[in-house]
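K.L.:
Please find one structure pasted underneath; my questions will follow.
The values are calculated or read from the model by the stated rules, or taken from the named source; none is laboratory data. What you see is a predicted model, and the numbers here were worked out from it, not measured in a lab. Positions of Cβ are backbone-derived with ideal geometry, glycine not excepted, and every protein chain shown enters the neighbour counts.
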Amino acid sequence: MDISASEILKSPGAVMVFEEMKTALQDEARRRADFREWLTEDVKAEFINGEIFLHSPVKRGHYLVSDMLNNLLRNFVFLKKLGTTAVEKALIALTRNDYEPDISFWSNEKAATFDDHTMLHPAPDFVVEILSPSTKHNDRKIKFEDYALHGVREYWIIDPEKQCVEQFALMMPADKTYLPYGKFFPGQDIKSIAIPGFEIPVAAIFDEKANFEALKTLLG
């Protein structure tokens, strides 16, 4: 975080700052509640630091990457009985913000708390965001910090144009900041830290033939 509580407490105006923040956050909480009432299954939107971000339709390259990675992850998690996954429309409710990640995974322990009426989901164990011009700032800045603060163990940022996967992870349960674990391209394999046994060739995220071969390997 940019400003710590200890830094604020050094100021003689700390109480006034606290009261101002308290009022602002109460107002933000009301607007967040209104956002949740307004949000529908047909709208992809997120509530980030008090603002609503509407997402425009994605390019073909974006959803193909999402489909291919989800095809591998969903089937592997189902076969190994590791938990549950979701694509795009699962609303992740953190302490301040609501997100709809491109791909999410929850372990069995967290997934056991879900039912057919669950709308607000806890922090996943693994999150994937696929970059687009309108989302890359939040994906690399606000979400990067927020996911780490809330214990999302592993975060992949995928650039469809560069065909690159950046992998970040919390090395220890108490960590609140991601460490880079690697940058991977077609021709390399990537191994998940949060999902036991999930290892795939990077090419399988971007190429349909490679995706099919990787799926056979995972399920074989």
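K.L.:
Filter the stretch 41-66 down to residues that are more than 15 Å from the chain's Cα centre (by Cα), charged (D, E, K, R) and within 16 Å of Glu28 (Cβ to Cβ), then give me how many there are.
P.N.:
Residues flagged as more than 15 Å from the chain's Cα centre (by Cα), charged (D, E, K, R) and within 16 Å of Glu28 (Cβ to Cβ) within the stretch 41-66 amount to 1.
K.L.:
Next up: Which ones in the stretch 39-85 are more than 25 Å from Asp116 (Cα to Cα) and either in a strand (DSSP E or B) or of a type in the set (S, T, N, Q) (or both)?
P.N.:
Passing the criteria: Ile48, Asn49, Glu51, Ile52, Phe53, Leu54, Ser56.
K.L.:
A further question on this structure: Would you point out which residue out of Thr135, Thr217 is β-branched (Val, Ile, Thr) and modelled with pLDDT under 95?
P.N.:
Numbers: Thr217 fails: modelled with pLDDT under 95.
Criteria check complete, one pass: Thr135.
K.L.:
Since Gly61 meets every condition but one in (1) at pLDDT below 95; (2) closer than 17 Å to Phe126 by Cβ, which condition does it not meet?
P.N.:
(2)
K.L.:
May I ask you to list the residues in the stretch 112-128 that are surrounded by fewer than 18 Cβ atoms within 10 Å (Cβ to Cβ) and either under 19 Å from Lys44 (Cα atoms) or within 16 Å of the chain's Cα centre (by Cα) (or both)? Break it down stepwise before answering.
P.N.:
Within the stretch 112-128, the subset surrounded by fewer than 18 Cβ atoms within 10 Å (Cβ to Cβ) is 112-120, 122.
Passing the criteria: His117, Thr118, Met119, Leu120, Pro122.
K.L.:
Now for a different question. Does the stretch 137-146 include one or more residues that are surrounded by 20 or more Cβ atoms within 10 Å (Cβ to Cβ), without any contact (Cβ under 8 Å) to a residue 40 or more places away in the chain and in a loop (DSSP other than H, G, I, E, B)?
P.N.:
no
K.L.:
Would you point out which residue out of Val43, Val15, Val77 is out of contact with any helix residue (DSSP H, G or I) (no Cβ under 7 Å at 6 or more places or on another chain), over 30 Å from Cys164 (Cβ atoms) and among the aliphatic types (A, V, I, L, M)? Give the steps one after another, and end with the answer.
P.N.:
On the way: Val43 fails: over 30 Å from Cys164 (Cβ atoms); Val77 fails: over 30 Å from Cys164 (Cβ atoms).
It is Val15.
K.L.:
Sticking with this one: Which of (1) surrounded by 15 or more Cβ atoms within 10 Å (Cβ to Cβ); (2) modelled with pLDDT of 95 or more; (3) of a type in the set (A, V, I, L, M, F, W, C) is the odd one out, the single condition Leu79 does not satisfy?
P.N.:
Single failed check for Leu79: (1).
K.L.:
Of all residues in the stretch 162-171, which are at pLDDT 95 or above and in a loop (DSSP other than H, G, I, E, B)?
P.N.:
Restricting attention to the stretch 162-171, the residues satisfying the condition of being at pLDDT 95 or above are 162-170.
Correct list: Lys162, Gln163, Leu170.
K.L.:
How many residues are touching an Asp or Glu at 6+ places or on another chain (Cβ under 6 Å), surrounded by fewer than 19 Cβ atoms within 10 Å (Cβ to Cβ) and in a loop (DSSP other than H, G, I, E, B) when one looks only at the stretch 172-211?
P.N.:
Matching residues across the stretch 172-211 total 1.
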